[in-house]
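For reference, the structure is listed below as structure tokens.
The values are calculated or read from the model by the stated rules, or taken from the named source; none is laboratory data. Keep in mind the model is a prediction, meaning the values are calculated, not measured. Neighbour counts are summed over all protein chains in view; Cβ atoms, including those assigned to glycine, are modelled from backbone coordinates with ideal geometry.
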Amino acid sequence: MASINWHLVVCGISHKTSTMEERAPLQISRDDLARANSLLGRLSDVREAAILSTCNRVEFYFVAFKNRDPFEIVKEFYSVFNRQDISKLRDKFYIRKNKHAADHQFRVAAGIDSMVLGENQIIGQLKEAYSSACAVRTSGKLIHRLFHQSFRVGKLVRTDTEMGRGSCSISSAAVGLLKSKITDLNRPNFLFVGINQMISLAASGLIKGSYGKFIFVNRTEQKAVTFAEKFGGAGFGLDRLEDYMAESDVIITCTGATSPIISSNMLKKMTENYPDKKMIIIDMAIPRDVEIDKNFHPNIGIFDLEDIREYVKAQQARRKKAIPQAEEIIDRKLGEFAYWFNQVRQEPIYNGLGDAFNAVYRQELGILFENLEPDLRKRYEKAGKKMIKKMLALKISENNNS
């Protein structure tokens with residue numbers, strides 16, 4: 001039997017292995033995800049690929065030649081994608097292969113590996129990663145099955161255990177942290193920067209409270225206007241950011257910008273003009289949207305994802321009790337995947353037998369074909385491919401019956 005030449009791999013970095021500062025340059029925005037998947041899928045020794053990029057993790061799932069170092073593939077990706085050398089981050093990346101790669105993604109889908117235990121957002125992010133890979137045709141048989149099994153795991157864990165009870169996203173945790181900080185503010189005005197799912201969840205978590213105005217700003221003004229209507233607020237372009245900062249008591253920001261949206265000069269100017277003004281800023285973005293240091297002014301409280309992480313530690317007891325049940329579901333679904341995976345790995349496309357048959361075919365008959373007329377050559381090559389296909393089918397049948 002031919003040896004297995006290809007394996008399923010995840011090579012990633014997350015909140016468990018790195019800091020925000022280390023992950024920030026590695027983030028892949030939603031707008032760049034299709035290009036990133038396409039690039040990864042075209043790299044040498046990569047057969048299938050899909051990238052998951054969230055505020056807490058960047059993970060590369062791919063089927064690759066087994067003798068190639070997975071980290072080197074990711075390193076090559078970044079050198080082409082944004083001319084970045086990630087060599088110094090090797091120790092921050094984890095690598096899982098085959099069954100262990102599937103187990104890792106199932107735990108991610110279940111919310112067990114999340115910063116906020118049991119968070120719901122990750123399922124949508126996995127689906128977005130998968131859809132992007134499908135759109136640029138970098139997903140194949142293994143990636144298809146892996147992600148669909150993950151979706152099943154995520155759904156079962158949230159419906160059959162306590163893991164999914166109540167709100168449990170980064171945004172809901174941010175809202176919880178925020179509410180604990182604004183108890184002394186009377187009907188505070190909110191300014192939301194950016195239009196995306198995180199902002200939507202945060203606004204939804206606040207809309208029922210006794211608060212003042214909801215203002216939304218975004219690079220594209222019409223998106224802000226349309227989005228604001230859902231919450232009875234007003235929308236404006238990003239050029240009005242400074243104007244509405246001065247009118248707001250709370251700022252919640254989460255954009256995909258590669259550089260700070262709220263600069264140190266903006267905040268310094270505001271505190272000079274309004275020295276007694278108190279403000280809370282929740283920055284959920286990676287890289288950070290707020291440029292200034294957290295301790296810049298006693299009246300300005302700035303909180304980021306690291307602060308949210310500390311806040312949620314005390315909120316996890318109920319969901320921690322559900323981990324054993326969640327792991328039972330993961331083990332059961334992993335067993336199903338592993339059985340299927342072991343069968344698929346014997347197929348010629350993955351075990352190298354197809355490549356071997358083609359090599360022998362070219363070696364023995366290639367010289368003869370060079371002297372044939374083009375039409376006749378095409379007929380013989382077509383017949384040769386059919387012969388190889390039938391021989392491979394016989395080999396698969398033999399393996400299945402042995």
Across (1) modelled with pLDDT of 90 or more; (2) closer than 30 Å to Arg158 by Cβ; (3) aromatic (Phe, Trp, Tyr); (4) surrounded by fewer than 19 Cβ atoms within 10 Å (Cβ to Cβ), Tyr311 clears everything bar (1)
Would you pick out the residues in the range 201-214 that are of a type outside the set (D, E, K, R) and either over 17 Å from Asp283 (Cβ atoms) or outside the structural domain of Phe231 (by TED's automatic domain parsing) (or both)?
Ser204, Ile207, Gly209, Ser210, Tyr211, Gly212, Phe214
Residue in the range 265-272 that is out of contact with any helix residue (DSSP H, G or I) (no Cβ under 7 Å at 6 or more places or on another chain), under 30 Å from Met163 (Cβ atoms), crowded, with 17+ Cβ neighbours inside 10 Å and not basic (Lys, Arg) present
no
Is it the case, given these coordinates, that Thr138 is β-branched (Val, Ile, Thr) and not in a helix (DSSP H, G or I)?
yes
Any idea which of Phe147, Phe71, Phe60 is farther than 14 Å from Cys11 by Cβ and of a type in the set (Phe, Trp, Tyr)?
Phe147
Ala34 in contact (Cβ under 8 Å) with a residue 12 or more places away in the chain and assigned to a strand (DSSP E or B):
no
Can Ser210 be described as in a helix (DSSP H, G or I) and among the hydroxyl-bearing types (Ser, Thr, Tyr)?
no
Just for the range 181-203: of the residues that are part of a helix (DSSP H, G or I) and in contact with a Phe, Trp or Tyr (Cβ under 8 Å, 6 or more places away or on another chain), which one is surrounded by the most Cβ atoms within 10 Å (Cβ to Cβ)?
Ala202
Options Thr183, Thr226, Thr220; residue that is among the polar types (S, T, N, Q), touching a residue at least 12 places away in the same chain (Cβ under 8 Å) and assigned by TED's automatic domain parsing to the domain that holds Asn299:
Thr220
Single match in Lys333, Lys294, Lys320 (criterion: at pLDDT 95 or above and over 20 Å from Tyr244 (Cβ atoms)):
Lys333
Run Leu365 past the list (1) modelled with pLDDT of 90 or more; (2) not in a loop (DSSP other than H, G, I, E, B) and report the number of the one that doesn't hold.
(1)
Confirm whether Phe60 is touching a residue at least 12 places away in the same chain (Cβ under 8 Å) and assigned to a helix (DSSP H, G or I).
no
Among Ser79, Ser44, Ser114, Ser87, which is in contact with a helix residue (DSSP H, G or I) (Cβ under 9 Å, 6 or more places away or on another chain) and modelled with pLDDT of 95 or more?
Ser87
In the range 63-81, how many residues are in contact with a strand residue (DSSP E or B) (Cβ under 9 Å, 6 or more places away or on another chain) and free of Cβ contacts under 8 Å to residues at least 40 places away in the same chain?
2
